[in-house]
Structures are given as C-alpha cells and as structure tokens.
1. Which residues make up the longest stretch of the chain clear of trypsin sites (Lys or Arg not before Pro) that lie in a DSSP loop with no more than 10 other Cβ atoms within 10 Å, not counting the sites?
2. Given axes a ≥ b ≥ c from the Cα gyration tensor, I'd like to know whether segment 446-494 is rounded (a/c under 1.5), prolate (a/b larger than b/c) or oblate.
3. Percent antiparallel among DSSP beta bridges with both residues in the chain, to the nearest 5?
4. By a straight-distance test (C-alpha under 20 Å), which aspartates and glutamates pair with Lys73 as possible cross-link partners, with residues fewer than eight away in the same chain excluded?
5. Explain nothing, just the number: dipole magnitude of segment 2-231 about its Cα centre with +1 on each Lys and Arg Cβ and -1 on each Asp and Glu Cβ, in debye rounded to the nearest 20.
6. Can you pick out the pairs among Lys13/Lys146; Lys99/Lys256; Lys13/Lys210; Lys256/Lys278; Lys99/Lys339 whose Cα atoms lie more than 22 Å from each other?
7. What FRET efficiency, computed as 1/(1 + (r/R0)^6) with R0 = 45 Å and r the Cβ-Cβ distance, is obtained for Glu489 and Arg342, rounded to the nearest 0.05?
8. Which of the three applies to segment 2-231, rounded, prolate or oblate, going by the alpha-carbon gyration tensor with a ≥ b ≥ c and a/c under 1.5 meaning rounded?
Amino acid sequence: MDTLSKRPVLKNKYYLYLTEFFAGMAVMAVELGASRLLAPYFSSSQIVWTIIIGTIMIAMALGNIYGGRSADKNPNPDRLYGRILIAAVWIAAIPVLGKYIILGISALLIVTVNTNFLIWAAFLACMVIFVFPLFLLGTVTPSLAKYTMDNLEDNGRTVGTLGAFNTIGSIIGTFLPTFVTIPAVGTAVTFLIFSGVLLILGLLYFISAKTGFKKSAASAIAFILCAVLGCSGSFAFWESNLLYEGESIYNYLQVKDSEDDVILSTNVLFGVQSIMKKDKGLTGMYYDYAMAAPFMSGAMEAGETADILILGMGTGTYATQCQRYLPHVNIEGVEIDEKITRLAGEYFELDRNIPVTTYDGRAYLNAIDGTYDVIMVDAYQDITIPFQMSSVEFFNMVRDHLNEGGVMVVNMNMRGSGEGNINEYLSDTIASVFGNVYTVDVAGSTNRELFASDNPEMTGLLKSNLSAVEDEELRAMMERVEEKLIHYEAGGYIMTDDKAPVELLGMQVIDALIQEELGYYKAIFEKEGIKGLLNQV
C-alpha cells in the first residue's frame, strides 16, 4: 500500500470513516429525494417506493462488487475519490435534467406499453437517473475497507467501524431530508446539499494529495452550474400561471390560477385536489354531488343543524360548498398536511371559523368520541389510496361515529370497469358494513360518489328534502344526483387491515384509463410512427 504514503489525508483513519459516513448519508438522502422527484409524475404509492428501493439496492450491490475488485486490482485511492466527484456532479444534475428525463421516458412508454405503465415508467426513470451515481457510491465501502486495513488481527473491528459510520450516516440521511431540508428548501436544493457534501469530500482529498487539479476544477464548475440551473426550475415547467409551487413533509403542492378558478394539485401535475370557483357557484365536480349526503340525513329533515366531518379536508372545497348552500351546518375538517391547511386560508378563502385538525383521518376517529350526521371521506388520490382508510375496520369506525340516520359519502376518484377493480373492492367492503349503499358517477370525470347509511329511507329523505331548497342551481344538481343514483349490490371483494392491495388495484385502473384516453394516438403511432404522432400533436 505504498500509494497510501503519498496521500497524507489517508493516514488519518477518521477521514476514511467520515467518507463512509457521508457516503451513507448521501445514499439515503438521494433515495428520499428520488421519491419526491417521482411523486408529481407517478404518485408516492408503495409501488413507487418499491421500485426506488429495488433499483437502489441493485445499484449498491453492483457497486460493492466493482469497488472490491477495483480496490484489489488497483488500490490507488485517487480512483475512489474520483468516483465520488463524479457521483456528486451527477446528483447535482438531477434537479436540472431529472424532470425532462422522466417526461421523455413517460412519453415514449405511453404509446408503446399496454400494461403496467406506472411500473415500467418509474422503473426506467429510476434506472436512468439514480442507478449510476449510487453504483459509484456503492464502491465506497469495499474500497475503504482496503485502505483502512492495517493487518488481519483487527480487520473485524475495522470493518465494523466502517459499517457503523455508514449506518449512522444513513440514519441522519434519512431524517434530515424528510424533516428539515425538503420541507424547508425543497427537493432540488436537497439534492444539491448532499451532492455538495460529496464534492467537498473529494476536493479535500485531491487538495491534500496535491493531484487531480483539472478533475477537481471541472467538478466544482459543473456543480456550480447545476446549482444555478437546478434552483431556478419548476416541476411543472410548462405552466405559466402558478400562484404557488412547493413541498411539505407529505406532498408536492401546486396552486394554479385560471380565469374562472383556483386549483390545488398534490403529487400529480395534472388533476384537481381542491378548487375554488371565483364566481362562488357550484364547481360542476364531485364536491357538488357529495352535497346530497346532508339531504339524506335525518338532521336536514328535522330542520336541525347538520354536523359534518370531512376526512381529507384539502383546501376546503366541500366545506365551503356546504357552508354556502346549506342553511344549518356545523363543519369540522381533518387534514394530515398542515401546509395544505395554510394554503386554504391564503388562496382558497376557507372560513377561519371552520376548525381543521392536522391528523390522519383514521387516527382522528380513533381518538374522538363525537358523532356526526355526515362523514365525508375524501382521502383517495389516484393510486395513492391509504390502505388503512379502505378496510372493513375503518368503515366500521366511521359507522360508529355516525348519528342515527347518518350518512357516509366517499369520493372514489378512479372509476374502473371490469370485475375486481378498485371501486368494486371499496364498494363491496363498504356494503359489508352499511345496510344501504348507493353510487352515482360524476359526469365528465372519472370520479364516483358513494353514499352509505343504515337508514333505508336515505334516498326518500333526499327527494323530500329537495322541496325546501331555494337555490335553483343546487336543486337542479341534487335532482340530477337523485335521478342517477344506483343501488349497489354487494359482492365478495372485501379489504381488511391485513389485506388491502389498493396500489395494484389502482394501477390496473390507471392502465385502463391510459388505454382509453390515448387509444387514438397509439393507433397513429403504430401506423405512422413518431413522425405521424408529431404531426397530430
């Protein structure tokens, strides 16, 4: 190991241990950053997390193999720290190029893949963007083991110390992005922070060794360019009317302004999570359909104040609609993301007198004793369906918190077709708990509203209560809902806390929706190729 004698910084084993520490930290930070980079495009479901973890483990395994062989063949530490510099620059470039790579891969696959689009797109995006830098970081541990071994008598202690530093770094690299850097400065800057740490490690080595000046200078310049370009970008770079774009502990958040409304999207660059109509009218969306629930409850018939609980408050579209159109309502909301609640007051004019608790919906029900006339479950978002809010146990809990004659309304946002789709599972599960279940499809969307109650007169109450509605627009909407309601016949697809495959079921619906929406363009691509497709676009 005469190369070590020429590298003064390596004579201090603590520098080698710090290298292991920061490499472990960077790997976990990149993994968490990967989930946030992919979430706006592919959601943040268990499927996406599985793909991220799997591809990163592939990269690390290959890196371990290569790093060990490389260290045995050529133990010059310049090679290791050169790889660390390359990894640092690559990670710094992710905020600049990552979103374009994701969109490019998605555009290619969307016209070529018929099934499992989400899996293929997320997997290829991870392979292209993250495998190479993490492969390089995977070479760190076996290489450092080579440099830190003095003799065979203490090799166990040396390897154990390296493992401990790597593990501690990984722990810190797990908590820092989630609770500090991503909420405070965002995903892009998080990538830059941890790539900067790796860059400093490499630069300190080459400065101490008095070698690799060109390599170090090029890496530093590339990092600076990435820092400048990466911080100025946007996930939705094609949008010109964003009022807000940012991140919280739980979500990517986007508030978009248009001539008629203000829209919140979470974790997906398209679609609506909450909306505020500037003319203060009905939205024409599922929120209007869900307003039938109070009319189905006994409280409205008796002229009493209807107590409404909303699980998945968002920015309060449903709460605002109920407050605006219904005469006597008392509304509470539960929203797990505190930043969304702040956006509700800043951009969506949510009444500050409506209490909103920052909590998980199921955990909230488990913690309170109160009962309600209406419980709105609006916590499902594309493939990201909380399994704990889709099971028999959860819906039993909802029923226990309903007053006599109370109604649960559930927004199911992916209307599937075919036997065994996600909505059939949800509907069968709910029908196993409640005696009466009705559904209505929301016109012009993939949403379906489900109403459930133990009161067999729920639809009769809806019809009779409409006579007292003075607003013509609301009455027309409620009459449309009453006319389109379909009694649901229960089947045997039941989800429990132990078994609720919501991600796979949701993915099947997404595949079907893609095929339905893009069938025309796929046919053109198959006949005329890319040129014909570009002509149509």
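Please treat every number below as a calculation from the coordinates, not as lab data. Everything numeric in this text was worked out from a predicted model, so none of it was measured. We place every Cβ from the backbone using ideal geometry, glycine too, and count neighbours over all the protein chains shown.
1. 1-209
2. oblate
3. 60 percent
4. Partners within reach: Asp2, Asp150.
5. 500 debye
6. Where the Cα-Cα span goes over 22 Å, the pairs concerned are Lys99/Lys339.
7. 0.55
8. Prolate, since a/c reaches 1.5 and a/b exceeds b/c.
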